[in-house]
1. Could you give the size of the charge dipole of region C:1-76 about its Cα centre, using +1 on the Cβ of each K and R and -1 on the Cβ of each D and E, expressed in debye and rounded to the nearest 20?
2. Given the rule -39500 (n - 2.57) for each run of at least 4 DSSP H residues, summed and divided by the residues of chain A, what is its mean residue ellipticity at 222 nm, to the nearest 500 deg cm²/dmol?
3. Roughly how many debye, to the nearest 20, is the charge dipole of the protein assembly as shown about its Cα centre, given +1 on each Lys and Arg Cβ, -1 on each Asp and Glu Cβ, and no other charges?
4. About the Cα centre, and with charges only on the beta carbon of Lys, Arg (+1) and Asp, Glu (-1), how big is the dipole of chain A? Nearest 20 debye, please.
5. Per-residue mean of other chain beta-carbon atoms within 10 angstrom of the beta-carbon, peptide A:65-76?
6. Going by amide H atoms built from the backbone, whose H comes under 5 Å of the H on A:ARG21, apart from near neighbours?
7. In whole Hz, with x marking every Gly and Pro, tabulate ³J(HN,Hα) for region A:119-129 from phi via Karplus 6.51 cos²θ - 1.76 cosθ + 1.60, θ = phi - 60°.
8. What is the sum of charges around B:ASP59, taking Lys and Arg as +1, Asp and Glu as -1, for the other residues whose C-beta is under 10 Å from the C-beta of B:ASP59?
Amino acid sequence: MKGLIMKSYKKELIFNTPHRRDFINITDLAEQCLTESGITEGLLLCNAMHITASVFINDDESGLHSDFEAWLEKLAPEKPYSQYRHNGYEDNADAHLKRSVMGREVVVAVTEGKLDFGPWERIFYGEFDGKRKKRVLVKIIGE
Amino acid sequence: MKGLIMKSYKKELIFNTPHRRDFINITDLAEQCLTESGITEGLLLCNAMHITASVFINDDESGLHSDFEAWLEKLAPEKPYSQYRHNGYEDNADAHLKRSVMGREVVVAVTEGKLDFGPWERIFYGEFDGKRKKRVLVKIIGE
Amino acid sequence: MKGLIMKSYKKELIFNTPHRRDFINITDLAEQCLTESGITEGLLLCNAMHITASVFINDDESGLHSDFEAWLEKLAPEKPYSQYRHNGYEDNADAHLKRSVMGREVVVAVTEGKLDFGPWERIFYGEFDGKRKKRVLVKIIGE
């Protein structure tokens, strides 16, 4: 434990995925932000700035990502579009539901200048309504 | 990035919804807290203090809220009450499950004195066992 | 609201559950961390360091925990193992999905030296692939 003066840091990351749904490992980008910030003890918040996308922590394994895709489609199917009242002018109600399951944000401990992760923890951007520019926020506070 | 002395702020918000389930936009209330706090850089935590309610971020669109209601009832139906072991003296097991899907809390970045939100991000109180007084906590740290 | 010098504190908790799936009340352990930290105003992050486990807040009631178990098995069944592409050398794809529903982490306000909880809020470790040593991180910042 130490007595410190608080610092804060902010950056926006931009994604434009080729498919409606994609999972992108953004751990390296978050680590770059941490290095830029100079913060060594504190908390890092990483959140989707759009309500049809997620930021979550899980395993970087393609089989698992296929399982997430199939499972989320079972829990909240994209089609038929007419099953959702939100889909008057939109077709992305399913993306709002999928993002609710996977979560908007992660908060990660920063210890000794590093993301304080277990062995397999990686940060992912989960896109559920892609093919357009969307943003992720990284905010770090601490020292 | 700046060197700052840390401040903290806390407030409880009270809700008493007319229905068992309701979604209430509490973004303005959270912004009022931020203004009162005088904090310009940091993190804002907003969480349900009850385990049958949620705080989450999504779109302020009534069709979507109907979709959430129908979807959560499909994933974790209220009735028959006898399907849940928690419902010995209670009838709200479904509310505990629904809240688990939607989440207990949100952490929002505070940048230049504002909630650092994307274009459609709004904070909602999600009530799943209402018609009585319940509380939401707003805690802000930073400077 | 007060002007304070920031402190940080970190501890890892170890769990080795007897069953594949278990829910353990870790509120007392988190409170011990808070006491050790000497922090009286701030935020406490508590997260699973493994991607097949959760930390979440809900009620300490055994009927409800049975309901969680049955409900999560319905949403993301363990078997047949062959239904998941992640289960090439592993058999724990369902644990990754269950953890996604229940969440990786909680962020709790610290006010006047205490976890700022509603009447029934308790912190749980949710194990979905147990019978081996796994870690939970507690990080506290504030003063």
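No value in this document is a laboratory result; all are computed from the given coordinates. Predicted model, so just to flag it, every value in this text is computed and none were measured. Cβ atoms come from the backbone with ideal geometry, glycine included; neighbour counts cover every protein chain shown.
1. On the way: 7 positive and 12 negative charges, 91 e Å.
Approximately 440 debye in magnitude.
2. Mean residue ellipticity, 222 nm, calculated: -7500 deg cm²/dmol.
3. Numbers: 60 positive and 69 negative charges, 51 e Å.
Its charge dipole is roughly 240 debye.
4. Here the size comes out at about 620 debye.
5. 4
6. Answer set, sorted by chain and number: A:GLY130.
7. Computed from phi, the couplings for region A:119-129 are x, 10, 6, 9, 8, 10, 8, x, 9, 10, 8 Hz.
8. It works out to a net charge of -3.
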